[in-house]
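Colleague: Right, I'll just put the structure down here and ask away after.
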Amino acid sequence: MKVSPIMIKNVPKEDRPRERLITLGSSHLSNQELLAILLGNGTKQESVMDLSHRVLMHFEGLKLLNDATIEELTAIKGIGPAKGVVILAAIELGRRMHQYKPDDSYIIRSPEDGADYVMEEMRNLNQEHFVVLFLNTKNQIMHRQTIFIGSLNASIVHPREIFREAVKRSAASIICAHNHPSGDPAPSQEDIHVTKRLVQAGKMMGIELLDHLIIGNNKFVSLKEKGYI
């Protein structure tokens, strides 16, 4: 015996995701309900709630959805290009909102401040990114720049490239940060070697390296706190 899907129109109004969001606020909705609102409707075979549940199961909840591609989404039965684009747009908008910080007022007072500034952007990257924050005399961030992408290597991370930009920006000091895609921010010998080279170059240039942060998955290591700066 074939069981017909329960369509949203047949669900009591107060239990529908959109109405619940309006009444209770978005924070009270489950991931399944929020995704159902983005999808808008289901298919002839299943309700939008069933479809959203299946999408979440496919990506192990939100764990892998953050890095989903349009090809991966549209490979799921019931998700066409239109629905896939809406999901990707919502993910990217959320990512940008988390990453947004007004550079002209963001002041670095501690390693935690520096880590917070780059954490959301860097913690989920699949490759190592080496980023430099250029600060003024008040420790305000004037500029942020990705210097290179790839495995950290002293021959690639050349002080010349970093301090040329620092001089160009009239920076008083800099903070370097790079991520470990493994999620473990424990420093390697190469991390320490690169840091020591940058410290020496900074002293010669009169531009202090305040810290070198290694970003993991929602955790970080400060090489200044470890005594390498």
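Computed from the coordinates by the stated procedures, all read-outs in this text should not be read as laboratory data. Since the structure is predicted, the reported quantities are computational estimates derived from the model, not experimental observations. Here Cβ is always computed from backbone atoms with ideal geometry, including for glycine, and neighbour counts include all displayed protein chains.
Colleague: 7 Å from Cα along Cα→Cβ at both Arg160 and Lys63: what's the point-to-point distance in nm?
Modeller: In this crude label model, Arg160 to Lys63 measures out at 4.6 nm.
Colleague: Under a 10 Å cutoff between Cα atoms, tell me which one of Leu34, Leu24, Leu198 has the largest fluctuation in the Gaussian network model of the chain.
Modeller: Leu24
Colleague: Before rounding to the nearest 500, sum -39500 (n - 2.57) across all DSSP H runs of length at least 4 in the chain and divide by the residue total; then give [θ] at 222 nm in deg cm²/dmol. Show your work: numbers first, answer last.
Modeller: Values: 8 runs with 91 residues, N = 229.
Result for the chain, helices only: -12000 deg cm²/dmol.
Colleague: Go ahead and run the numbers for FRET between Ser27 and Lys77, Cβ-Cβ distance against an R0 of 41 Å, rounding to 0.05.
Modeller: 0.85
Colleague: Hey, can you rank 208-218, 52-62 by average C-beta count inside 10 Å, highest first? Intermediate results must be reported in sequence, preceding the final value.
Modeller: On the way: 208-218: 22.1, 52-62: 15.6.
Ranked by mean Cβ neighbours within 10 Å, highest first: 208-218, 52-62.
Colleague: Contact order normalised by length for the range 8-99, with contacts defined as Cα pairs under 8 Å and 6 or more residues apart; what percent is it?
Modeller: 20 percent
Colleague: Quick one: Debye curve from the C-alpha atoms of the chain, no solvent, what's log10 I(q)/I(0) at q = 0.11, 0.12, 0.17 Å⁻¹?
Modeller: -0.68, -0.75, -1.10
Colleague: Out of the DSSP beta bridges found with both residues in the range 103-222, what percent are antiparallel (nearest 5)?
Modeller: 70 percent
Colleague: Karplus couplings for the range 83-96 from phi (6.51 cos²θ - 1.76 cosθ + 1.60, θ = phi - 60°), rounded to Hz, Gly and Pro as x?
Modeller: Using θ = phi - 60°, the values come out as 5, x, 5, 4, 4, 5, 5, 5, 4, 5, 4, x, 4, 5 Hz.
Colleague: Let me have the relative contact order for the range 140-229, percent, based on Cα pairs under 8 Å that are six or more residues apart.
Modeller: This gives 31 percent for the range 140-229.
Colleague: Also, quick follow-up: Residue-wise, which Karplus ³J(HN,Hα) couplings in Hz belong to the range 111-126, taking 6.51 cos²θ - 1.76 cosθ + 1.60, θ = phi - 60°, and x for glycine or proline?
Modeller: x, 4, 4, x, 5, 4, 5, 10, 4, 4, 6, 9, 5, 9, 5, 8
Colleague: Also: Under the Kirkwood approximation for Rh and a Cα-based Rg, what ratio Rg/Rh is obtained for the range 103-222?
Modeller: 0.93
Colleague: Could you tell me which of the pairs Lys63/Lys83; Lys138/Lys224; Lys138/Lys168; Lys83/Lys219; Lys77/Lys219; Lys63/Lys226 are separated by over 26 angstrom between their Cα atoms in the structure shown?
Modeller: Values: Lys63/Lys83 19 Å; Lys138/Lys224 19 Å; Lys138/Lys168 18 Å; Lys83/Lys219 34 Å; Lys77/Lys219 37 Å; Lys63/Lys226 31 Å.
Those over the limit are Lys83/Lys219; Lys77/Lys219; Lys63/Lys226.
Colleague: Take the alpha-carbon positions of the range 8-99, form their convex hull, and give its projected area averaged over all directions (one quarter of the hull surface) in nm².
Modeller: Over every viewing direction, the Cα hull of the range 8-99 projects on average to 6.1 nm².
Colleague: Next up: Hey, got the dipole for the range 105-216? About the Cα centre, +1 on K and R Cβ, -1 on D and E Cβ, debye to the nearest 20?
Modeller: Roughly 560 debye, rounded to the nearest 20.
Colleague: Given a 10 angstrom Cα cut-off, can you work out which residue in Gln140, Gln200, Gln45 is the most mobile in a GNM of the chain?
Modeller: Gln45
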